[in-house]
Amino acid sequence: MDLHCGGSEPTDDECAAVDALLGPPESSWEGAEPADADLRWSRGGHAARSRRDLLLPGLHALQDRIGWISEGALGYLCRRLTVAPAEAYGVATGSPLFSVSPLPATVLRMCTDLACEAAGASALCADVDARLGGVSRVSVRRVSCLGLCERAPAALAITAGDPVRTAVSAPATAEAAVLAATAPDSAPQEPPAEAAVPRSAGRAPVLLRRVGVVDPPSPDDYRAHGGWAALRRAFALGPAGVLREIADSGLAGRGGAAFPAGQDGRAVPVGRGWQAVASRPDRPHHLVCNADEAGAGAFRDRVLMEGDPYALVEAMTIAGYAIGARRGYLCVRGAYPRAVRRMRRAVDRARARGLLGDDVLGRGHAFDIEIRRGAGGYVCGEETAVLRSIEGYRAEPRPTPPFPSEKGLFGGPTVVADVETLLGVLPILTEGPTASGAGRLVCVSGGVERPGVHEVPHGETLGGLLARAGVRPGLRAVLVGGVAGGFVRPDELDVPVDSGVVIAFGGGVPVPRLLSRVAEFFRDESCGLCIPCRTGTVRQEEVLRRIADRAGPAVAGDLALLGEVGRAMRDASLCGLGRSAWNAVESGVDRLGAYG
């Protein structure tokens, strides 16, 4: 049996939203007016099922235009794609960006994650609730990280329609958030991307050198600042030469937080991973750039896509050339409307200039980029989960092996890379394997004077990074690696920076509240596929809430139970989300003495 969507019929607007993406239906099997020919044979089958990967874009189209996804709309989309309604319902309800219940046209999403919580998000939300309590056309929702941590607290207003309208308020005040929701055209403009890149004397940036220097929409300005030189050298070297240069450089994958980057939990050399895909006889090969960062404190991809979009287009084209892929998928976080717009414009203009398409730069190589908006799930940081999401399934990790390099997207050999790793290829090709000079990009937020994306040299200590960012007096703790990482004390800062997320907290921020928020995050973000994570994240939050209400000997028993739950998640969960859900809580209890 399958779940069916009752007798609800889609509205004209809902049909128009789906048809704008898929084109008009060709037969009554898909929703067109009945015709005599449709009674003689069925239509759909393999041809319709091959478009299953358009399920997520279809859900986005409905959410953008209508503001929510009704039974009739979901049924119509399923009919067009020959997707079982139960499976489509699972995808729709697995994302915080979609709603299957009626909502007002405008939704104001208020971030309550760690950096925003430390900046007063709870009081801000209460103030906004009071101001908008009588406004029926606006719904206020508390959500996980919006990727605006350097400007915390943050709010994002989305007004459904054709076209959908968005307005960002960060750092948000109650007045600015209400204005973004009720009069988005009058809301203040977002600051440029370079505002999130603090500049300091000394070492010149490499990966960030064009952010704030080039005009993001202009391909000519990008060319004037060294753009496309790496692509031309790649064509001169040939695919094997590109792979050799990358292998000689020792470039390794760089995750945004603390998700394991390789098959054994360690970073896999990029050259080795790309060579594994390039050498596979199976065709076609695929490239996926995962820019669907959704962890608290991570905003590096947003800054790079907004400030230097053509660099990512060039880097993906080089990667596709090296591994023999004709198409690349760029998965952008759904909460990044400006990044999506800029990347779409860059891809369109690059295609018009012959830099993408059937004959890139006249060299006979075909490569194009398709942009996919993510659905906001932290589990998509796991590479097999993001592949399933692109394919039109609920974002859940799958067991490995086979690894994506063997059987990845649509069953073909696939390279999955993050934005920073891909951009690291450009200086390698223009300056040589040993002369790239690129350091690590670290997102710094919280109690510092200069939050933003810092490019730090290899070997930089955490203390040096915080000094660069201008840590404020009264430092209580530093969270390294985001929610999947761990807390360190102010006397433990003499360690190398090995993560892309650092959040500093002052003494005025209660550590137990931070640990509870981490537990809430993992409870909400668990995909529910495996029992250790699905049950463990709920139990972890319950124990932390119970500890907050108790005192004395009872706390010791709850702490022991908390440890058992955490170790079970770490040992038995299917993917990195469950295995890391206990990290920050464990360090908060053991290192910071949160309940001592």
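The values are calculated or read from the model by the stated rules, or taken from the named source; none is laboratory data. Since we're looking at a predicted model, the values are computed, not measured. Glycine gets a Cβ as well: all are built from the backbone with ideal geometry, and neighbour counts include every protein chain shown. Quick note on the areas: whole protein, heavy atoms, side chains included, nothing else; ligands and nucleic acids left out. Shrake-Rupley method; radii C 1.70, N 1.55, O 1.52, S 1.80 Å.
Computed values, structure above
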read-out	value
Within the stretch 62-102: backbone nitrogen closer than 17 Å to the Arg534 label point (7 Å, Cα to C-beta)	86-95
Label-point gap, in nm, between Arg283 and Val555 - each point 7 angstrom along Cα→Cβ	6.6
By average C-beta atoms within 10 angstrom, highest first, the peptides 421-430, 392-401	421-430, 392-401
Extension reserve of the Asp185-Ala105 stretch, reckoned as 0.36 nm per residue once the Cα distance is removed	27.3 nm
Modelled FRET efficiency - R0 25 Å, Arg567 with Arg489, Cβ distances, 0.05 increments	0.65
DSSP beta bridges in the chain [antiparallel fraction, %, rounded to 5]	50
Extension gain, Val135 back to Ala247 (0.36 nm per residue minus Cα-Cα distance, nm)	34.5 nm
Local electrostatic count at Ala234 - Lys and Arg +1, Asp and Glu -1, tallied over other residues with Cβ under 13 Å	+2
When the convex hull of its Cα atoms is projected in every direction, mean area for the stretch 284-434 (nm²)	9.3
Total charge dipole magnitude, the stretch 472-531, about the Cα centre, Cβ charges on Lys, Arg, Asp, Glu only, Debye to nearest 20	280
Length added when fully stretched, Arg344-Thr400, from 0.36 nm per residue minus Cα-Cα	16.9 nm
Mean ellipticity per residue at 222 nm, deg cm²/dmol - from DSSP H runs of n ≥ 4 across the chain, formula -39500 (n - 2.57)	-12500 deg cm²/dmol
Label point 7 Å beyond Cα of Ala16 along Cβ direction - residues of the stretch 132-163 with amide nitrogen under 20 Å	159-163
Global geometry of the stretch 308-391, whether rounded, prolate or oblate, following the gyration tensor of its Cα atoms and the 1.5 cut on a/c	oblate
Bins of 10 Å, starting at 0 and running to the largest distance - Cα pair percent for the stretch 100-208	15, 43, 28, 10, 4, 0
Projected label distance in nm at Arg272 and Ala229, using a 7 Å step from Cα toward the beta-carbon	3.1
Between the stretch 362-400 and the stretch 189-250, the alpha-carbon center distance in angstrom	24
Size of the stretch 527-576 as Cα extents on the principal axes (Å, biggest first)	36, 17, 13
For q = 0.16 Å⁻¹, Debye-computed log10 I/I(0) when each Cα of the stretch 482-596 counts as one equal scatterer	-0.73
Length-normalised contact order for the stretch 263-389 - Cα pairs under 8 Å, 6+ apart - percent	28
Cα shape, the stretch 379-477, gyration tensor, a/c 1.5 rule	oblate
The chain - percent relative contact order, Cα under 8 Å, separation 6 or more	13
Base-10 log of normalised Debye intensity for the chain (one unit scatterer per alpha-carbon) at q = 0.06, 0.09, 0.12 Å⁻¹	-0.31, -0.71, -1.30
Per-q log10 I(q)/I(0), the stretch 390-542, q = 0.08, 0.18 Å⁻¹ (Debye; single scatterer per alpha-carbon; no solvent)	-0.35, -1.14
Rounded, prolate or oblate (a/c below 1.5 giving rounded, otherwise prolate when a/b exceeds b/c) for the stretch 90-143 by Cα gyration tensor	oblate
Relative contact order of the stretch 440-537, defined on C-alpha pairs under 8 angstrom at six or more residues apart (%)	27
Rounded accessible area per residue of the chain, 1.4 Å, Å²	40
Simple label model, 7 Å out from Cα along Cβ direction - Arg546 to Ser27, nm	5.8
Label zone at Ala352 (point 7 Å along Cα-to-Cβ), backbone N below 16 Å, the stretch 296-314	310
Shape metrics for the stretch 135-177, restricted to C-alpha atoms - Rg then Dmax, Å	11.1, 31
Computed FRET value (nearest 0.05) for Ala86 with Glu370, which takes r as the C-beta separation and R₀ as 30 Å	0.65
